[in-house]
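Contents: one structure, followed by commentary.
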Amino acid sequence: MKRKLREHITCSMCGGDAVLKHGDYQRNGILHHDFPYYECTQCGEKHYDLDLLIELNEREKNVEATA
Ligand SMILES: [Zn+2]
């Protein structure tokens with residue numbers, strides 16, 4: 001993933017500052033390492049970038065197709 005992401009966003013839960021982090025993200029039985037997400041410094045809510053989730057959908061489709 002080479003796309004440039006913003007360093008922080010506004011938390012949609014509390015309006016606080018959510019900062020960019022990277023970590024493991026498991027979805028549909030597939031573990032994605034070093035996946036970018038935003039974690040709110042106030043409420044701890046995690047936010048995922050919508051475009052990245054769309055990208056993941058495409059990748060998971062490909063995984064299923066080749067399995
Ligand atoms: Zn928050």
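The values are calculated or read from the model by the stated rules, or taken from the named source; none is laboratory data. As the structure is a prediction and not an experimental result, all values here were calculated from the model. All Cβ positions, glycine included, derive from the backbone under ideal geometry; neighbour counts span all protein chains shown.
Between a first residue in the stretch 25-54 that is modelled with pLDDT of 95 or more and a second residue that is acidic (Asp, Glu), which pairs have beta carbons less than 6 Å apart while being 6 or more apart in sequence or on different chains?
Listed by first residue and then by second, the contacts come to Thr41/Asp17; Lys46/Glu39.
So for the stretch 6-23 (the condition being more than 9 Å from the ligand (Cβ to nearest atom), surrounded by 15 or more Cβ atoms within 10 Å (Cβ to Cβ), touching a residue at least 12 places away in the same chain (Cβ under 8 Å) and closer than 20 Å to Asn62 by Cα), does at least one residue qualify?
No, every residue in the stretch 6-23 fails to be more than 9 Å from the ligand (Cβ to nearest atom), surrounded by 15 or more Cβ atoms within 10 Å (Cβ to Cβ), touching a residue at least 12 places away in the same chain (Cβ under 8 Å) and closer than 20 Å to Asn62 by Cα.
If I go through the stretch 46-67 residue by residue, how many of them are hydroxyl-bearing (Ser, Thr, Tyr) and surrounded by 12 or more Cβ atoms within 10 Å (Cβ to Cβ)?
Looking only at the stretch 46-67, we keep the residues that are hydroxyl-bearing (Ser, Thr, Tyr), and these are 48, 66.
This time we only want the ones that are surrounded by 12 or more Cβ atoms within 10 Å (Cβ to Cβ), so: 48.
Number of matching residues: 1.
How many residues are farther than 20 Å from Arg59 by Cα and not polar (S, T, N, Q) if we restrict to the stretch 24-46?
Of the stretch 24-46, the ones farther than 20 Å from Arg59 by Cα are 38-46.
Checking which are not polar (S, T, N, Q) leaves us with 38-40, 43-46.
The qualifying residues number 7.
Out of the stretch 24-45, which residues are loosely packed, with under 14 Cβ neighbours inside 10 Å and of a type outside the set (S, T, N, Q)?
Residues satisfying the conditions are Asp24, Arg27, Gly29, Ile30, Leu31, His33, Asp34, Cys43, Gly44.
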